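Below: one structure, written as structure tokens.
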Amino acid sequence: MVDSEWGNWMRTTPPAERFKPGTARGYRATHRPEVWGALIGAGGASAFMLVNGAALGSPWTWIVIVGWFCAIAFFVWAVLIRPRSFEQLEPPSKQASTIYLVSVAAMIVLIVGGARLLALFDRSELTVAWVVCVVGAHFVPFARAFGRAMFRVMGWGMLVIGIVGLAGGLASPAVAAVAGVAAGLWMFAVMVADAVGRPLVTGRRPDSTVPRAPR
């Protein structure tokens, strides 16, 4: 479709038709939240890996860069190129908008406040681990809001990584940077697992009545 045709299709096609179950390659389904949300997530995961990889210094910086290229390759294959099954998109829960806005607002406040507090105690090197904790925690409520278990898996995993980074960073600043890299890798891993349909990641709300797409 050319841009004008795509725009007309998005405006005139009912949501139930746009988000119906079926199989498609991700690059042909970029209107679906599962795809464009993953692309946004890939940006955040890349920032975690590359910024903190640079902080580790040579040769680790180059090792992280190679790992990032591998992660991107798997991500592009799984999310955009490989044919994948899409389910009928479920409507978010009634409280979804509130949960989303509160989570994002709390994340921003906690990141800024925590960074300033760490700087006050001359522990700014722990900021990245704190950011990992907060970003991970803000994902967890999304599982309930949007009926996607992958947010719970991603969020709790990042929270554990961040806590380890905070604890280890007290002994060595490099541990906090490693936690940042590990958080980026974890995000890529969860998004790839979601795209290929791993059960742990693709679970849905128990009260869902929307039929699954054929596998």
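The values are calculated or read from the model by the stated rules, or taken from the named source; none is laboratory data. All figures in this text were calculated on a predicted structure; none of them were measured in a lab. So basically every Cβ, Gly included, is an ideal-geometry build from the backbone, and we count neighbours across all protein chains shown. Accessible surface areas use protein heavy atoms only, side chains included; no ligands, DNA or RNA. Shrake-Rupley method; radii C 1.70, N 1.55, O 1.52, S 1.80 Å.
Under 8 Å by Cβ, and 6 or more places apart or on different chains, what pairs join a residue from segment 55-83 that is at negative phi with one that is among the hydroxyl-bearing types (Ser, Thr, Tyr)?
Trp68/Ser46; Ile72/Ser46; Leu80/Tyr27; Ile81/Tyr27; Pro83/Thr23
Just for segment 48-61: of the residues that are open to solvent by less than 50 Å² (accessible area, probe 1.4 Å) and among the aliphatic types (A, V, I, L, M), which one is modelled with the lowest pLDDT?
Our first condition is that a residue be open to solvent by less than 50 Å² (accessible area, probe 1.4 Å); within segment 48-61, this holds for 48-49, 52-53, 56-57, 61.
With the extra rule that they be among the aliphatic types (A, V, I, L, M), the set shrinks to 49, 56.
Details: Met49: 96, Leu56: 92.
Going through the qualifying residues, I end up with Leu56.
If you go through segment 117-163, how many residues are surrounded by fewer than 18 Cβ atoms within 10 Å (Cβ to Cβ) and assigned to a loop (DSSP other than H, G, I, E, B)?
Qualifying residue count, segment 117-163: 3.
Within segment 190-199, is even one residue charged (D, E, K, R) and over 12 Å from the mean Cα position of the chain (by Cα)?
Yes, because at least one residue in segment 190-199 is charged (D, E, K, R) and over 12 Å from the mean Cα position of the chain (by Cα).
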